[in-house]
Amino acid sequence: MGDACVGLFGVPAECLGEQWCMPEPAVQVFLGCRPFTICKPNPRLVCTASDSGPRAFHTVGCTPIGFGPCEPQPSLPDGTPPPC
């Protein structure tokens with residue numbers, strides 16, 4: 001596939017206590033690009049460290065490079081965290 005890659009996007013999320021929420025569920029943020037791969041849609045919250053502290057995003061694609069699962073682990077029964 002040459003230089004083809006998959007653009008990965010997520011919705012910014014916050015943890016309030018042990019409750020995850022998305023203050024602006026319509027906002028999509030570019031999280032990076034991975035070499036072309038096939039990913040099954042799988043709703044999850046991923047986190048990464050930044051200078052201003054951890055940042056969390058709800059995504060349904062591949063896990064972006066530099067991200068890992070958020071702690072505490074959210075329960076996503078319908079695949080979508082609740083709005084704040």
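The values are calculated or read from the model by the stated rules, or taken from the named source; none is laboratory data. These numbers come from a predicted model, not from an experiment. Note that we place each Cβ from the backbone using ideal geometry, even for glycine, and neighbour counts take in every protein chain shown. In case anyone asks, the SASA skips ligands and DNA or RNA and just uses the protein heavy atoms, side chains included. Shrake-Rupley method; radii C 1.70, N 1.55, O 1.52, S 1.80 Å.
Would you please name the residue that is modelled with the lowest pLDDT, looking only at residues in the stretch 57-79 that are open to solvent by 70 Å² or more (accessible area, probe 1.4 Å) and more than 15 Å from Val29 (Cα to Cα)?
Among them, the one singled out is Pro77.
For Pro54, state whether it is modelled with pLDDT under 90 and either among the hydrophobic types (A, V, I, L, M, F, W, C) or in a loop (DSSP other than H, G, I, E, B) (or both).
no
Considering only the stretch 28-51, state which residues are loosely packed, with under 11 Cβ neighbours inside 10 Å and in a loop (DSSP other than H, G, I, E, B).
Ile38, Lys40, Pro41, Asp51
Which of the residues belonging to the stretch 21-48 are touching a residue at least 24 places away in the same chain (Cβ under 8 Å) and farther than 22 Å from Ile65 by Cβ?
Looking only at the stretch 21-48, we keep the residues that are touching a residue at least 24 places away in the same chain (Cβ under 8 Å), and these are 21-23, 25, 29, 31-37, 39, 43-47.
Cys21, Met22, Pro23, Pro25 - these are the residues of the stretch 21-48 that are touching a residue at least 24 places away in the same chain (Cβ under 8 Å) and farther than 22 Å from Ile65 by Cβ.
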